[in-house]
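Following: one structure in structure tokens, then a few remarks.
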Amino acid sequence: MFIFVNILAVLSLTLIHLARLSIWVLNIRMKTLIDAMVQTGTLKTPAIIEAFRSVDRADFVPAHYRSVAYEDRPLPLDYDQTISQPSTVAFMFELLQPQPGDKVLDVGSGSGWTTALLAHIVGNTGSVLGLERVEELVEMGRENLAKHPTHWATIEKAGTELGAPERAPFDRILVSAAAHSMPDDLISQLKEGGTMVVPVLHSIKRVVHVEHQPIVDTFEGYVFVPLVTE
């Protein structure tokens, strides 16, 4: 009996050690990914870098993809959706430049990673509304977001209209799916001087809302799942 108890104790300690080692290895790999993006200049802004370091991508990928969570590539979610490539998300965040206190709309929140990153940056003086059309992903995103508690960030089921016109205006809008053309309905939900980053076909566009004519910068060579507008 004594030997049996000792064996159980050793097994328990071994499992605890392996779990801690696994977390340590994952953290090292996360640090390696982020350091690489900093070195290449993909990540530049201190607040954005800190968000990437604090909000673990592995918390937002399906369990069977956790071992490759820190590879710089998109990963499948269910329902023909993906969690975007880390370097692409970093590029979009650098264009968006969210600030503490901003009111942000996150269109196509998916598994919740971008919503959590935005929430970390804007802080409790800001707010983030994540919208997702797939009910199962809404639930998944909420569960994942709860791992990084931020009461100023929520994920909701998208309505029949694109965006959230009843909650507008927003300081920043991030869109994580590709529109066929510039989504004017979302531009109208920006504050004057507000910024939207949105994929359109195979490009990423940064749109600054000004009174008479939006200022648009275009960056080619990207692929996203399509934006559902109805």
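Structural remarks
- Residues T160 and Q39, FRET efficiency given R0 of 41 Å [Cβ-Cβ distance, rounded to 0.05]: 0.40
- Stokes-Einstein D in µm²/s, Kirkwood radius over Cα pairs - the chain at 20 °C with 1.002 mPa s viscosity: 116 µm²/s
- Percentage relative contact order, the chain, counting C-alpha pairs under 8 Å, at least six apart: 14 percent
- DSSP bridge pairs, the chain: antiparallel proportion in percent, nearest 5: 40 percent
- Taken one residue at a time, the phi angles of the stretch 164-175 give Karplus couplings (6.51, -1.76, 1.60, θ = phi - 60°) of 9, x, 6, 9, 5, x, 10, 6, 9, 10, 10, 10 Hz. Gly and Pro are set to x.
- Lys-Lys pairs in the chain that are eight or more residues apart or on separate chains and whose Cα atoms lie under 30 Å of each other come to 16.
- Per residue, the solvent-accessible area of the chain (1.4 Å probe, heavy atoms of protein chains only, all protein chains present) comes to 51 Å².
- Measuring r between the beta carbons of Q213 and D80 and using R0 = 41 Å, the FRET efficiency lands at 0.70.
- DSSP-loop chymotrypsin sites (Phe, Trp or Tyr not before Pro) across the stretch 52-144, with at most 16 other Cβ within 10 angstrom: Y79
- Expected 222 nm ellipticity per residue - DSSP helices of 4 or more, -39500 (n - 2.57), all of the chain, to 500: -11500 deg cm²/dmol
- The angle separating the long axis of helix 86-96 from the principal Cα axis of greatest extent in the chain is about 40 degrees.
- Percent accessible area from carbon and sulfur atoms, the chain, protein chains only, probe 1.4 Å: 59 percent
- When only Cα pairs below 8 angstrom with a gap of at least 6 residues are kept, the stretch 128-177 shows a relative contact order of 44 percent.
- Relative to the longest principal axis of the Cα atoms of the chain, the long axis of helix 2-39 lies at roughly 30 degrees.
- Angle of helix 135-145 to the longest C-alpha principal axis of the chain, folded into 0 to 90 degrees and rounded to 10: 60°.
The values are calculated or read from the model by the stated rules, or taken from the named source; none is laboratory data. The structure displayed is predicted, hence computed values, not measured ones. A quick note on method: Cβ atoms are made from the backbone with ideal geometry, for glycine too, and the neighbour counts reach across all protein chains shown. In case anyone asks, the SASA skips ligands and DNA or RNA and just uses the protein heavy atoms, side chains included. Shrake-Rupley method; radii C 1.70, N 1.55, O 1.52, S 1.80 Å.
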